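Novice: Sending over a structure as structure tokens; questions will come in a sec.
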Amino acid sequence: MPRSETSVLRRNNVNVTGAGTRAMVFAHGFGCDQAMWQPVARNFERDFRVVLFDYVGHGQSDLGAYSSERYSTLGAYADDVVEIGQTLGLRNAVFVGHSVSAMIGALATLRAPEMFSDLVMVGPSPRYIDDDDGYRGGFSRAQIDELLEFLEDNHLGWSAAMAPAIMGNPGRPELSGRLENSFCNTDPQIARDFARLTFLSDNRDDLELIRVRTLVLQCSQDIIAPVEVGEFTHGRLPNSEYRLLRATGHCPNLSAPEEITTAIREFV
Amino acid sequence: MSEQSPAEDLEDLYETAPCGYLSASPEGKIVKINRTLADWLRRSQDDLVGKPIHDILSIGGRIAVETHLAPLLRIQGYVNEIAVDLLATDGEKIPTIANAAEKRDEDGSHVFTRLTLFKAIDRRNYERGLVHARTQAEIESKAQRESAVVREQFIAVLGHDLRNPMAAIAAGIRLLRNREKFGPQGHHILSEMDNSVARASGLIDDVLDLARGSLGGGLVVDRNSEAPLTPVLEQVIAEIRAIAPENSIEKRIEIDEPIYCDRGRLGQLASNLLSNAVTHGAPDRPIGFEAVSGPGLFTLSVSNEGDPIPEDARTHLFQPFFRGEGRPSRNGLGLGLFIAYEIAKAHDGTLEVDSTDRETRFTFRMPTEDRSFA
């Protein structure tokens, strides 16, 4: 379905800044929105056309464009990335994806090979669940089920009764202004859908198809994407570099923006 | 206040406060934890210091902390009213509500993260109950909407399909009357059958109107000013007189200007109001019927001298299936006034009732001209 330029840009809350000619697209992972890339993205504004966006259903995207049916695969999110790229006329751009966005970006390079020439994967995991064939994803199926159950109850830590106030009251927008935590808001249903999609996905076979230059940035002590998963990803990619960061945790873009900035700069 | 209050011991306040305190390093290691929280977890404070904060969280909690809370804390410096499940040594989950804030030094570097936790067992049960009730209500209301649509479609189809056999019976009665020879008893039976068919057809029409009205957009009317309304109203009065010969109807019809209306529908409105008057009026007192056009306004009113309508019944009069209490209703379904009201609405008009000890009067008013061009 063809869309007008403004509708795509509004749908995904696309923000373009920076002075460069080559574009660098930053994509957020599960649990947050484009705000998580700010500390890194601002470092590239002098040399790059910096593109930030929210996936549909997240941040300030058009929640009306979301439906569980449409966004039932990571490929649907990759399609949106391609639409954004087409709207902005991107060629040979850099795609920087955090967490599940690393895989969404990989799928986007398969759909539009001219659009991205370089891919930066931050804390990627092609498969979160351990497999009988010896693959270690870091989680058992039972643990992921427990997470999904936890989200049913807690919606990413918001107390359950509070969460529906964010989006369950389209007629009362003032409620959203009263939320204690104003970033990374997600409708509880969408958060559950995205969690299911993220943590049950298996993109191991897609890795071998990726032709673009890729940088795998792996954190130390990341319980979401452990070191052996990063090594596995690097091993399967035909054209990749691997870098183990000093940063710990799953969100180095926030805890160690300088280290991430340096790593990306050296790569591109 | 003769005695001085004992001084508060700040260390004791920290250790045994009625809430849990925890400080973690930027790497997520527990730096300090109070005794209250350690007791909840059934572990010693010494054992906990230096351990990753993940150790005291459920699996779901760990992932939520890594993917959502930690970034949120970095971005805005605090998070409030977060639901967190702690994990005690024996595997028991302890629901808590937490506030967290980053302690930063003068340069703005992250020194550690402070958490304050409150046990929230009952509160979380209550919230779960609320969410469950909401989900349940959504499911039930969806099911009710669906079954209402099915029911109305069923009524519409049934009503429509009943029309043909009714028409066949009416035609059969006409044939018998014209071609066969009957005695006085036989003619009487044929007349009774005619009346029954007319009543049954009227009920079917009412039910179909109701179904159409509920299924979408109210009654459909076809309005124009091309023919006079008076003959239609005269015909309706004649029909009611035939059905209820014991009632007298005093009519006044003075229509001097064209009325922009659906004449069939206004005939139906007049018929419904007259039938209502026959049912509820005093049998020995006349029914009043007035249809008058003034400048720009058409008024039709029907009055009877029956008992006044009770105050609380008046608010429900125009709702479907409403029937007056205490009297056997001869008309059955209680749709007549509802349909009259819908016809009034479809003509940009009003239908009102005024009921006193002296009389009960229904008054319909509508503009005589098409207002859509105004």
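The values are calculated or read from the model by the stated rules, or taken from the named source; none is laboratory data. All values derive from a computational prediction rather than experimental measurement. Ideal geometry is used to build each Cβ from the backbone, glycine not excepted, and the neighbour counts take in all protein chains shown.
Novice: It is to be established whether one or more residues within the range A:186-209 are more than 30 Å from B:Thr135 (Cα to Cα) and aliphatic (A, V, I, L, M).
Specialist: Among the residues of the range A:186-209, at least one is more than 30 Å from B:Thr135 (Cα to Cα) and aliphatic (A, V, I, L, M), which makes the answer yes.
Novice: Name the one entry in A:Glu114, A:Glu174, A:Glu180 that is surrounded by fewer than 19 Cβ atoms within 10 Å (Cβ to Cβ) and modelled with pLDDT of 80 or more.
Specialist: Only one candidate qualifies: A:Glu114.
Novice: Criterion first (modelled with pLDDT under 90 and outside any strand (DSSP E or B)) does B:Leu233 satisfy it?
Specialist: Considered against the rule, which asks whether it is modelled with pLDDT under 90 and outside any strand (DSSP E or B), B:Leu233 comes out as no.
Novice: Another question, if that's okay. Looking at the structure I just gave you, is B:Gln319 surrounded by fewer than 16 Cβ atoms within 10 Å (Cβ to Cβ) and among the polar types (S, T, N, Q)?
Specialist: yes
Novice: Follow-up. Would the range B:139-157 turn up any residue that is surrounded by fewer than 10 Cβ atoms within 10 Å (Cβ to Cβ), within 43 Å of the chain's Cα centre (by Cα) and under 30 Å from B:Ala198 (Cβ atoms)?
Specialist: No.
Novice: Here's something else I'd like to know. Here's a check for you: in the range A:201-258, which residue that is closer than 16 Å to A:Phe95 by Cβ and among the charged types (D, E, K, R) is farthest from the other protein chains (Cβ to nearest Cβ)?
Specialist: For the range A:201-258, the residue satisfying everything is A:Arg211.
Novice: Within the range B:286-306, track down each residue that is in a loop (DSSP other than H, G, I, E, B) and without any contact (Cβ under 8 Å) to a residue 40 or more places away in the chain.
Specialist: B:Pro286, B:Pro295
Novice: Scan (1) modelled with pLDDT of 85 or more; (2) facing chain A (nearest Cβ under 10 Å); (3) over 25 Å from A:Gly138 (Cβ atoms) for the single condition B:Arg134 breaks and write down its number.
Specialist: Every condition holds for B:Arg134 apart from (1).
Novice: Please determine, by comparing only the residues of the range B:63-103 that are assigned to a strand (DSSP E or B) and over 44 Å from the mean Cα position of the chain (by Cα), which one is nearest to A:Ala225 (Cα to Cα).
Specialist: B:Leu87
Novice: Still on this structure: Is one or more of the residues making up the range A:247-260 in a strand (DSSP E or B) and modelled with pLDDT under 95?
Specialist: Yes, the range A:247-260 contains a residue that is in a strand (DSSP E or B) and modelled with pLDDT under 95.
Novice: Within the range B:255-271, is there a residue that is in contact (Cβ under 8 Å) with a residue 60 or more places away in the chain, part of a helix (DSSP H, G or I), surrounded by 14 or more Cβ atoms within 10 Å (Cβ to Cβ) and in contact with a strand residue (DSSP E or B) (Cβ under 9 Å, 6 or more places away or on another chain)?
Specialist: Yes; the residues of the range B:255-271 include at least one that is in contact (Cβ under 8 Å) with a residue 60 or more places away in the chain, part of a helix (DSSP H, G or I), surrounded by 14 or more Cβ atoms within 10 Å (Cβ to Cβ) and in contact with a strand residue (DSSP E or B) (Cβ under 9 Å, 6 or more places away or on another chain).
Novice: A follow-up question, please. In this structure, is B:Glu66 touching a Gly at 6+ places or on another chain (Cβ under 9 Å), surrounded by fewer than 17 Cβ atoms within 10 Å (Cβ to Cβ) and within 13 Å of chain A (Cβ to nearest Cβ)?
Specialist: The answer is no for B:Glu66.
Novice: Scan (1) touching a Ser or Thr at 6+ places or on another chain (Cβ under 7 Å); (2) aliphatic (A, V, I, L, M); (3) within 9 Å of chain B (Cβ to nearest Cβ) for the single condition A:Leu148 breaks and write down its number.
Specialist: (1)
Novice: Can you say whether B:Arg123 is within 14 Å of chain A (Cβ to nearest Cβ), of a type in the set (Lys, Arg) and within 26 Å of B:Trp40 (Cα to Cα), as far as the supplied structure shows?
Specialist: yes
Novice: Looking only at the range B:98-111, which residues are buried (at least 21 other Cβ atoms within 10 Å of the Cβ) and within 9 Å of chain A (Cβ to nearest Cβ)?
Specialist: B:Ala98
Novice: Looking only at the range A:213-235, how many residues end up being in contact (Cβ under 8 Å) with a residue 40 or more places away in the chain and either closer than 15 Å to A:Pro126 by Cα or within 18 Å of the chain's Cα centre (by Cα) (or both)?
Specialist: Residues in the range A:213-235 being in contact (Cβ under 8 Å) with a residue 40 or more places away in the chain and either closer than 15 Å to A:Pro126 by Cα or within 18 Å of the chain's Cα centre (by Cα) (or both): 16 in total.
Novice: Of all residues being in contact with a helix residue (DSSP H, G or I) (Cβ under 8 Å, 6 or more places away or on another chain) and of a type in the set (Gly, Ala, Ser) in the range A:207-264, which is surrounded by the fewest Cβ atoms within 10 Å (Cβ to Cβ)? Just the residue, please.
Specialist: Here the residue is A:Ser220.
Novice: Out of contact with any Leu (no Cβ under 8 Å at 6 or more places or on another chain), exposed (fewer than 15 other Cβ atoms within 10 Å of the Cβ) and either in a helix (DSSP H, G or I) or within 14 Å of chain B (Cβ to nearest Cβ) (or both): which single residue out of A:Gly64, A:Gly85 fits that description?
Specialist: Just a single option satisfies the conditions, and that option is A:Gly64.
Novice: Among the residues of the range A:26-53, how many are away from chain B (no Cβ under 14 Å) and either surrounded by fewer than 17 Cβ atoms within 10 Å (Cβ to Cβ) or part of a loop (DSSP other than H, G, I, E, B) (or both)?
Specialist: Selection size over the range A:26-53: 4.
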